[in-house]
Amino acid sequence: MKFTLFSAMALGVLLAAMLLVWEEVGITLRGSSSFSNALWFTVFSLLAILVFVVFMARAPDND
Amino acid sequence: MFGFVRTLIRTIFQTDKSWESRVLAFTLAWGVAWAIVGGSDALLVRVQETGYSLGGSLLETPWVYYAGLTLHAIRFLFGFAQQIEMGVFVFLTVKLTGALPTRRWMIWSSLILINASIFLLEGPVLPNSSFLDVYFSATGWDSLAPLGVNGYSQYVVSVTWWAGWLFLELSTFLWGAWVMMTLYRNLKGKFNYVSIFVFLTTLLFFVGYLAPFVSTNWEWLSTALGVGLDTLWNQTIFWFFGHSVVYMLFLPAVVVLYYIIPTLVNRPIYSERMAVWSAVLYFVFSDIVPIHHLYLTVFPAWVNLMQEIMTYGVVVPSVMTFFNLWATVKGVKQVTWTVPMAFAAFSFGGAVAAGVTGVANATVSVDAIIHNTMWVVGHFHAMIDLMIIPGLFALLYMLQPVIMGKSWFSRRLAWWHFWLTLVGGAGISIFMDGLGLDGILRRSMTFPLLGTVTSDEVLLTVFSLVFGLGQILFILNVVGSMYGGRPMNFEGLPLGKSLTLAASTTSWSPTGGYEEPPPARGTVSHSSKRRAELTWTAMAVGLLVLNAALTAPVGAASGGALSTVPASYLDPGGTTMINVVAHQYYWSFNEGGSVTTGFFVTSPDTKVLLNGTAAGGNALANFYMPLFNDKMLDNELYQNYNSYLWFTTPTVPGVYGFMNGEYNGPYYTYMGGDMLVMPPGGVLNESSVQEYNATMRQDPYTPPLVEGSSFLLQMSAWGTWNNSDPAPTLLVKNGSTARLAFNVTFDSVASLDNYLFNVTSSSYRQQLENYLTQNDNGLPYMLQIIHIDPSGQLEVVSQQQLIVGRSVSFSFTAQPGAYVYGLVQPVYHYISPGGVASYTMGADSGMMEALWGVVMVTE
């Protein structure tokens, strides 16, 4: 399988998602002062990334 | 010799090329020059923070450090990024319209003004001083107005600062008017999505700069003519620029991606309609969200939440853009990697990374945790280092051969540049984020020396050097190309084909070969693409609405407005009411007429309402007490406004540190303080000590704990005891004899980071020596031991003069309650070498209080 520009951009999204998860989960679990503040945002972030990746995989080609 | 100089000028400024190429070459030359100087500023900042992390010592003075920090931002944002974007837009405008450019004086005037502005923003140069370098007087941050405004701030910036802003604003207006006029006149009815993006981004610049045009000139009129200034409204007006300036830098990179990604893969953009809508939405939402930088001020919750939702409005075109660019390359079986392609993919990934963390920052409930910390700095460095700069490099790797008519000197250098920028940029963002997650404030020259903080600081420096090395390789490649590049002929080729040919010279293939991707076959229907676009956009909007709804309850309780305070905290019967005033540079507290400086006393598990404001002459401040296991307290304090912080004190008695979280002058990180939660009966029991020891360690600004009966307190070169501000909390047993020895060396007082001796001459060390000789080595300050009884009453136990070069000792029998030790009163400090300080040159003065700490009594 060739590493195309599409794959590289997908890798970029994956790395961005990992950065986000590290940051948001880190904030959420840091202490009681941040738990309720950041919890929903973390859930939202993970959901958004999952939905968009699945959707892009199913979107029609530019051909 | 003369011939060599002439050739050099022709090579750098491309004086034998077309007008638009000359403009671009001019902006590139000056932009790179500012980037080199701005990079040196970053190095200065990293040296200071790393030196402090590793040895607790400061290698530069506070004003050199803060000027370096400010100028790093100014030179990179405006001198480098904005200037090159201006050049690129002029180049694109001429190429897109195909018209002969007229009114060229507007562009040349604009370019002279922007470069002059960067010189002016540095402030006056004092070459005759033996120790103060060109950074005196330092520069300001208009985002923190009235910082630097004479009459409103004891830290005063030079008038050249305001002149610099005016030049920058006029430069942008001239350039913007030319680009929009040229596009409109020549493209009437023939705009495509790229030209629409260029036009609306330029309009965004034009409208965005109207905000600082009002706010900075208001500040100038105030400082020069005494025109009244409303601190909050002035700042709000400036912050209209605060979001748009990010998009002024971000959108040109988006334009680049919209232009070069379809070019590189030999396909049309997936959806031109979606691109046009993105451009319109970016423009509509980018200039109207100033309050999302000011959530924790005094605006009511509904204003904050409305601004959060409007900021989410900017997310929608970004999500549409990500889809459009990503889908454009879907199904393309391209085979040859080139440097521009790699930078384009890098920029795309960086945009997603910085974009999603931007949504976090825009969410009130999340901002309440990370506001003013290094996390925010990590976010915008992700936007700049991982998105904007790679986007510009993607274009430059294609444009330079076209302009110069020469190939790149070395493919290998180009690829090394890419990898070092990628690794270095990612590391910079990650370790800045890490510092923010530890609760460390931004713009911190001094900070708590905790394990993770020091390692993050050092690694941040390592990755900054990696990033910098990458840029050095780029410059070497540019210079090499000027003299050793292979001649290339782009005559007769359309711009798209020229750029593809230029990109092909940086192929990853070992043979340097390049295979162009085949064009689209037209097998996918427009209707299926349109369904995908609409579904994607609807999903984005739906998810943002869901997030806004779920986070709103916590967000509505954030901020300093009186309306956010729960009714139970407004009951004087059940709540301890404390007024706090932030001075430059110390805190004062008033609880029922009892006034203390630096600290306040409460009881465990008690409701507290802090009513905060900033004193006249102190630009602004921020009460920052990150109690990770209880509540984040983080509100901005303004002159003539009241900001309310409500919380219940920890159940575990002890000392909890707080800090000024907002830059109000070069000594702002010396503005620490303690909340003393008095144990019942004034004596800490063993279990309380253990519990306190276990929980307080997570709070970065709580001073370290030292247990014993005899303590040596050594003055550091930056005017603290044992490198801690406030000084360490000492634990002594009830009824025992406690011994405190204060040791002050000549070198610690003579340090320019120390504030005990005023700087009025460039031979200040000699001045200090003379003073000490005449005064038996004594400084005019009293070291004190003050007892606080369990009910909070204060009594001076003993006091002695501070002596330089000799240890000053105290002994006392520990009684129930607590003690405050050291230099408990604020000390007046000012800097005016040779009497130069003035409102035209700049000035810095204030009352300092960092040489004190607390003694707690245990059973």
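The values are calculated or read from the model by the stated rules, or taken from the named source; none is laboratory data. It should be emphasised that the depicted structure is a prediction, and the values quoted were computed from it without experimental measurement. Positions of Cβ are generated from backbone atoms using ideal geometry, with glycine treated the same way; all protein chains shown enter the neighbour counts. Note: areas computed on protein heavy atoms with side chains; ligands, DNA, RNA excluded. Shrake-Rupley method; radii C 1.70, N 1.55, O 1.52, S 1.80 Å.
Dipole of chain B computed with +1 at Lys/Arg Cβ and -1 at Asp/Glu Cβ about the Cα centre; of B:Val478, B:Tyr839, B:Ser748, farthest Cα towards the positive end is B:Val478.
Peptide packing for B:846-857, B:425-436, B:709-720 was compared via the average number of neighbouring C-beta atoms within 10 Å per residue; ordered from the highest value, the list is B:846-857, B:425-436, B:709-720. Accessible surface for chain B, divided over its residues, is 33 Å² per residue with a 1.4 Å probe.
Over all pairs of different C-alpha atoms in chain B, the reciprocal of the mean inverse distance, the Kirkwood hydrodynamic radius, equals 29.0 Å. When the listed pairs B:Lys190/B:Lys497; B:Lys188/B:Lys333; B:Lys190/B:Lys529 are checked against a 32 Å cut-off, the alpha-carbon distance exceeds it for B:Lys188/B:Lys333.
What you get for the protein assembly as shown, charging only the Cβ of Lys and Arg (+1) and of Asp and Glu (-1), is a dipole of about 4060 debye around the Cα centre.
Taking the longest Cα principal axis of chain B as reference, the axis of helix B:231-265 is set at about 40 degrees. For the pair B:Met782 and B:Ile36 in one chain, pulling the backbone fully straight at 0.36 nm per residue adds 263.8 nm over the alpha carbon distance. Evaluating kT/(6 pi eta Rh) at 37 °C and 0.692 mPa s, with the Kirkwood radius of region B:424-463 over Cα pairs in the Stokes-Einstein relation, gives 327 µm² s⁻¹. Between region B:155-225 and region B:535-556, the alpha-carbon centres lie 33 Å apart. Helix B:451-484: angle to the longest alpha-carbon principal axis of chain B, degrees 0 to 90, nearest 10? The angle comes out near 30 degrees. The residues of region A:4-31 listed by number as losing at least 40 Å² of accessible area in the complex, against the isolated chain and with a 1.4 Å probe, are A:Thr4, A:Leu5, A:Phe6, A:Met9, A:Val13, A:Ala16, A:Leu19, A:Leu20, A:Trp22, A:Glu23, A:Ile27, A:Arg30.
Here region B:263-363 exposes an accessible surface that is 77 percent carbon and sulfur, computed with a 1.4 Å probe and the other protein chains kept in place. Each label point is 7 Å from the Cα along the Cα-to-Cβ direction; what then is the distance between the points at B:Trp302 and A:Leu11, in nm? Simple spin-label model gives 5.1 nm for this pair.
Placing pseudo-labels 7 Å out from each Cα toward the beta carbon at B:Gln800 and B:Arg273 gives an inter-label distance of 8.4 nm. Per residue of peptide B:547-554, the mean number of Cβ atoms on other chains within 10 Å of the residue Cβ is 4. Tell me, what % of the accessible area of region B:565-858 is carbon and sulfur with a 1.4 angstrom probe? Percent of accessible area from carbon and sulfur atoms in region B:565-858: 48.
With the charge dipole of region B:565-858 set up from +1 on Lys and Arg Cβ and -1 on Asp and Glu Cβ about the Cα centre, the Cα lying farthest toward the positive end among the listed residues B:Gly592, B:Ser716, B:Met671 is that of B:Ser716.
Compared with the dominant Cα axis of chain B, that is its longest principal axis, helix B:210-225 is turned about 40°.
Using only alpha carbons, region B:565-858 has a radius of gyration to Kirkwood radius ratio (Rg to Rh) of 0.98. In a fully extended conformation the segment linking B:Tyr828 and B:Val808 would gain 5.0 nm over its present Cα-Cα distance, using 0.36 nm per residue.
For B:Arg486 and B:Val545, what is the calculated FRET efficiency with R₀ set at 60 Å and r taken between the beta-carbons, to the nearest 0.05? According to the calculation, E is roughly 0.60.
Local charge for B:Thr858 was computed over the other residues whose Cβ lies under 10 Å away, with Lys and Arg +1 and Asp and Glu -1, and equals -2.
Over all directions, the projected convex hull of the C-alpha atoms in region B:678-764 averages 7.3 nm² in area. As a calculated quantity, the FRET efficiency between B:Ser455 and B:Arg739 at R0 = 35 Å, using C-beta atoms, amounts to about 0.50. Cross-link partners for B:Lys95 among the aspartates and glutamates, with Cα-Cα distance under 20 Å and sequence neighbours closer than 8 places in the same chain left out: B:Asp16, B:Glu20, B:Glu85, B:Glu272, B:Glu491. Ranking B:Leu170, B:Leu147, B:Leu113 from most to least accessible surface, computed with a 1.4 Å probe over the protein chains only, gives B:Leu170, B:Leu113, B:Leu147.
Report the paramagnetic label zone for B:Asn629: residues of region A:17-40 whose backbone N is under 11 Å from a point 7 Å from Cα along the Cα-to-Cβ axis. Residues passing the 11 Å test: A:32. Protection proxy ranking, highest mean first, for peptides B:3-10, B:151-158: B:151-158, B:3-10, where packing is the per-residue count of other beta-carbon atoms within 10 Å, averaged. Sorted on the mean count of surrounding Cβ atoms within 10 Å across their residues, most packed first, peptides B:209-216, B:781-788 read B:209-216, B:781-788.
Computed on region B:736-859, the Cα convex hull volume stands at 113 Å³ per residue. Across region B:437-484 the C-alpha pair distances fall into 10 Å bins from zero in the proportions 22, 33, 21, 16, 9, 0 percent.
Over every Cα atom in the protein assembly as shown, the radius of gyration and the widest Cα-Cα span, Dmax, amount to 29.2, 94 Å. Between chain B and chain A, the total buried accessible area stands at approximately 4900 Å², from heavy atoms with a 1.4 Å probe. Computed over region B:344-514, the quotient of the alpha carbon radius of gyration and 2.2 N^0.38 Å is 1.25. Here region B:191-234 is described by how far its Cα atoms reach on the three principal axes: 49, 19, 8 Å, from widest to narrowest. Averaging 1/r over every pair of different alpha carbons in region B:730-794 and inverting the result gives a Kirkwood radius of 15.0 Å.
Look at the stretch B:332-342: the mean tally of other chain Cβ atoms within 10 Å of its residues' Cβ atoms is 2.
Each residue, B:Ala163 and B:Arg521, gets one label point 7 Å from its Cα in the Cβ direction; the gap between the two is 6.7 nm. Taking 0.36 nm per residue of separation and subtracting the Cα-Cα distance, full extension of the segment from B:Ala557 to B:Leu43 would add 181.0 nm. Residue by residue along B:320-329, Cβ atoms of other protein chains within 10 Å of the local Cβ number 4 on average. How high is the FRET efficiency from B:Gln774 to B:Val214, r the C-beta distance, R0 56 Å, rounded to 0.05? Using R0 = 56 Å, I get an efficiency of 0.60. Overall shape of region B:624-722 was characterised from the C-alpha gyration tensor. The equivalent ellipsoid obtained from it has semi-axes of 25, 21, 11 Å, in decreasing order.
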